[in-house]
Amino acid sequence: MISNFSATQALKHVTLIIGALIVILPFYAMLSYSMKSPHEIETNTGGFFGDQKPMVDEWCVKANNPSGVLPSEELKQACTKTPIVFNYVSAFTKAPLVRYLLNGVFVTLSIFFIQVLVALPCAYALAKLKFWGRDAVFMLVLFCLLIPVHAIALPLYIMLSKVGLINSYAALIVPWTISVFGIFLMRQFFMTIPDDLIDAARIDGMSEFSIVWKVMLPCAIPALMAFAIFSVVAHWNDYFWPRIAVTSDRNYFTPPLGLRMFKGDSDGDVYGPMMATATIIVTPLIVAFLLAQRKFIEGITLSGMK
Amino acid sequence: MIEKVTKTVDTLNQAAGLKRAENRAKWVSYLFCFPAVSLMFIILLVPIFVAGVLSFTDYSLGNPDLNWLGSKNYEVIFGRSSYQKMIWATVTYVVVVVPISIGLGLGAAMLINSVGRIGELYKTIYFLPVMAALLAMALVWDLALHPTVGIVNQTLRLGCGTWIEGLFSFGWLPWVDGAQSWYSTSCADEFPLWIGDRDYAMPTICFIGIWQAFGFNMVLYLAGLTGVPRELYHAAAIDGVTNTWDQFRLVTWPMLGPTTIFVVTITSINSFKVFDTVEALTWGGPAKSTYVMMYAIFEKAVKENLVGFGSAITIVFLFFVLLITFTQRFLVEKRVHYS
């Protein structure tokens, strides 16, 4: 490194570091705010971790003091917490965050499994079976690749509300059950698998169904992994469609919808718990990304294969 | 002898078995394609048709009356100033975010490529915003840009009256009057309200968009750069191309052509779809300065139940998006064919 040192090299690093600081700033702010007391957030003091001076949790006082008279000292004492505990506990207690997170996991995984269930047989048929109309189906796939689902959200919303599915898990999942991109990707992948393998399986008496799930699926694991990351990241982070599909019933809220509820009441006290919630929502994917960077970058840029 | 016969019979049986399997496969293939094809029709094609039809009506949910309006919805979109502002805002966002995020992505990729192994670290950092839920990060930016409490304005205020003000007011440049610079006037007066100010709201939303998107473009360009053969640079050097800018202009940039076409398309479509930041931070305001199409569809059709009108915006939106993709297809078709 030292031997390579030169003015240009230094300039490059300075540029890259300034960029990195701007990129990291909101992550830093989010983590820092999630640990600070409302007062520290307002005055921007306390450094990164905050002073962690115990503070009185006003919500806790209010909840345990329904009469509204001056709260007793014992109650105040009982409701005193350090800011970090206050923020993270409030994140889970002010809103049913666990439920939102479970909804997010359920919706995201359901979408992925249904996508695979629908796409894999079709991709196999397109890649390895000869039948009349195959080219037409493939043309249809190529055409549908052009349609972003977000763009047709409104008619989907109308159709779903006509069948009474708005505010349900089905509403969150149904529009994404068909991944044209998944079909295309798996078809391209299956094209590279030798026909002999399939013929051998047929000679062994395997049905076409078991060929798809017992021969093709295991072969396709690397491509499927990338597709899984692509799909899971997109739907865990998606805000637009859940915002439309779930209009009122909080039972079906996904994590971003739950987080959005913190903004609205402009009460300054909410910032800490809001940032704690944001941290909780963002962390799983960031950690997974840091652990398996190569896989993630491959998965997210999958669409580059189109 | 007997062995040989058995073997031949086996082979024949196998061939017949394969033939049977292939015949069976014909039926199976329709079965395999049926779910996917029917879902493509129901989820992707029928909605376009539905939106197309509804866009000529005044349909709203729960209202049994449906009047045929002809092209009135479209006339409103293109004729009334608030919807002209909508198209203007959307196009502004795309026209700002696409080139800047691509430029930064390419720049970052080239820099990272040239600093050796430590580049991996920058790559990881720059990719973080792509992974994080945009809504969450938008709320963080919202707080960071808060006019009084926010970390951005507080930090900027700290710089006032110190050497930082001197540096960023650019008064040290002979042709600049430092006292009139943005930084100095803001110090003397007030720092911007960012998303609350109609002049700053759109640039701020664009900035968050760029912040989020450029890492994605960077990764695509890094992949593109690995595809540029080293020999080309040697060959160019023999032809007298040694200066970095000429190398970029004559070798790297043309070789990145296919990547660029793709990056431009995907970034444009993603930028057209901007919604999260607008819905969470500005609600299309102030003064409709950030009233982008996705938000307009949401506000008109879902919140105000003007489905017919929202459908018309949807169709205009689809038109924009398809225009971009067809342009890309047209450009790519010249080079690549799927087999």
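Quick rundown of the values:
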{"read-out": "Qualifying residue in the stretch B:279-286 (condition: part of a loop (DSSP other than H, G, I, E, B), open to solvent by 30 Å² or more (accessible area, probe 1.4 Å) and closer than 14 Å to B:Gly196 by Cβ)", "value": "yes"}
{"read-out": "The stretch B:116-158, residues that are under 25 Å from A:Glu40 (Cβ atoms), more than 25 Å from the chain's Cα centre (by Cα) and more than 7 Å from chain A (Cβ to nearest Cβ)", "value": "B:His146, B:Pro147, B:Thr148, B:Gly150, B:Val152, B:Asn153, B:Thr155, B:Leu156, B:Arg157, B:Leu158"}
{"read-out": "Options B:Ile164, B:Ile100; residue that is modelled with pLDDT of 85 or more, open to solvent by 50 Å² or more (accessible area, probe 1.4 Å), in a helix (DSSP H, G or I) and under 27 Å from B:Tyr200 (Cβ atoms)", "value": "B:Ile100"}
{"read-out": "Residue in the stretch A:142-171 that is farthest from B:Gly308 (Cα to Cα), counting only those that are outside any helix (DSSP H, G or I) and within 7 Å of another protein chain (Cβ to nearest Cβ)", "value": "A:Leu146"}
{"read-out": "Filter result for A:Val270 (open to solvent by 50 Å² or more (accessible area, probe 1.4 Å), within 11 Å of chain B (Cβ to nearest Cβ) and hydrophobic (A, V, I, L, M, F, W, C))", "value": "no"}
{"read-out": "Helices (runs of 4 or more DSSP H) within the stretch A:1-116 that include 1 or more residues hydrophobic (A, V, I, L, M, F, W, C), modelled with pLDDT under 75 and surrounded by fewer than 20 Cβ atoms within 10 Å (Cβ to Cβ)", "value": "A:58-63, A:73-78"}
{"read-out": "Residues (among the hydrophobic types (A, V, I, L, M, F, W, C) and under 20 Å from B:Met294 (Cα atoms)) located in the stretch A:195-251", "value": "A:Ala234, A:Trp236, A:Phe240, A:Trp241, A:Ile244, A:Ala245, A:Val246"}
{"read-out": "Filter result for B:Leu106 (touching a residue at least 60 places away in the same chain (Cβ under 8 Å) and of a type outside the set (Lys, Arg))", "value": "yes"}
{"read-out": "Those residues of the stretch A:19-46 which are more than 8 Å from chain B (Cβ to nearest Cβ), more than 20 Å from B:Phe214 (Cα to Cα) and aliphatic (A, V, I, L, M), in sequence order", "value": "A:Leu31, A:Met35"}
{"read-out": "Residue in the stretch B:69-82 that is more than 17 Å from B:Glu304 (Cβ to Cβ) and open to solvent by less than 30 Å² (accessible area, probe 1.4 Å) present", "value": "yes"}
{"read-out": "Qualifying residues in the stretch B:197-228 (those that are open to solvent by 50 Å² or more (accessible area, probe 1.4 Å) and more than 10 Å from every other protein chain (Cβ to nearest Cβ)) - the one nearest to B:Phe127 (Cα to Cα)", "value": "B:Thr226"}
{"read-out": "Filter result for B:Val263 (assigned to a loop (DSSP other than H, G, I, E, B), surrounded by 22 or more Cβ atoms within 10 Å (Cβ to Cβ) and within 12 Å of another protein chain (Cβ to nearest Cβ))", "value": "no"}
{"read-out": "Filter result (without any contact (Cβ under 8 Å) to a residue 40 or more places away in the chain and among the β-branched types (Val, Ile, Thr)) within the stretch A:122-146", "value": "A:Val137"}
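The values are calculated or read from the model by the stated rules, or taken from the named source; none is laboratory data. Note that the structure is predicted; figures quoted are calculated from it, not measured. Here the Cβ is made from the backbone with ideal geometry for all residues, glycine too, and neighbour counts use every protein chain on show. The accessibility values were calculated without ligands, DNA or RNA, using every heavy atom of the protein model including side chains. Shrake-Rupley method; radii C 1.70, N 1.55, O 1.52, S 1.80 Å.
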